[in-house]
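Structure first, then comments.
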Amino acid sequence: MNLDWYATGLRGETPEIPRTWRDIREVNDRIYRKHRRRSLKAALADYRASHQKMLELIERVPDRDFAAVGRLAWTGPTWTLSDCIGWNTASHYRWARKHLRKWLRAQTKAKR
């Protein structure tokens, strides 16, 4: 999402960013429904490609664009680009890991 938001902002447009927890749940559900039948191999390949693109973005964006509130119009009056990247990468990964571990424990118990 960050990559799309950043590209949209560079075009002078305003990306559609979830503003509430309800909006985030709806986005996650839409993503899940779109990709739920994909293979693990395909999902991991996309993850790795997206991760590489994110690293490339981080390398090329000036430091001032990461830390300054309001530097990029689409991040709003209180968020930095760094904040947006954080909650769409590391924070989201922690959230997903918690749910995946819970699912895996349930699968393990069901097999006993």
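When 80, 89 are checked against the criterion of being of a type outside the set (A, V, I, L, M, F, W, C), in contact (Cβ under 8 Å) with a residue 60 or more places away in the chain and surrounded by 14 or more Cβ atoms within 10 Å (Cβ to Cβ), 89 stands alone in meeting it. Of all the criteria given as (1) in a helix (DSSP H, G or I); (2) loosely packed, with under 12 Cβ neighbours inside 10 Å, the one not satisfied by residue 70 is (1). Within region 96-112, restricting attention to residues that are of a type in the set (A, V, I, L, M, F, W, C) and over 14 Å from the mean Cα position of the chain (by Cα), the residue that is surrounded by the fewest Cβ atoms within 10 Å (Cβ to Cβ) is 110. Restricting attention to region 75-95, does a residue exist that is over 16 Å from the mean Cα position of the chain (by Cα) and aliphatic (A, V, I, L, M)? Looking through region 75-95, none of the residues is over 16 Å from the mean Cα position of the chain (by Cα) and aliphatic (A, V, I, L, M). Screening residue 87 against (1) assigned to a helix (DSSP H, G or I); (2) at pLDDT 85 or above; (3) within 20 Å of residue 16 (Cα to Cα) leaves a single unmet condition, (2).
Mind checking which residues of region 23-42 are loosely packed, with under 12 Cβ neighbours inside 10 Å and of a type in the set (A, V, I, L, M, F, W, C)? Within region 23-42, 31, 40, 42 meet the criteria.
Just one of (1) out of contact with any His (no Cβ under 9 Å at 6 or more places or on another chain); (2) part of a helix (DSSP H, G or I) fails for residue 78. It is (2).
The values are calculated or read from the model by the stated rules, or taken from the named source; none is laboratory data. Just so it is clear, the structure is predicted and the values come from calculations on it, not from any experiment. Methodologically, a virtual Cβ is constructed for each residue, glycine included, from the backbone with ideal geometry; neighbour enumeration extends over all protein chains shown.
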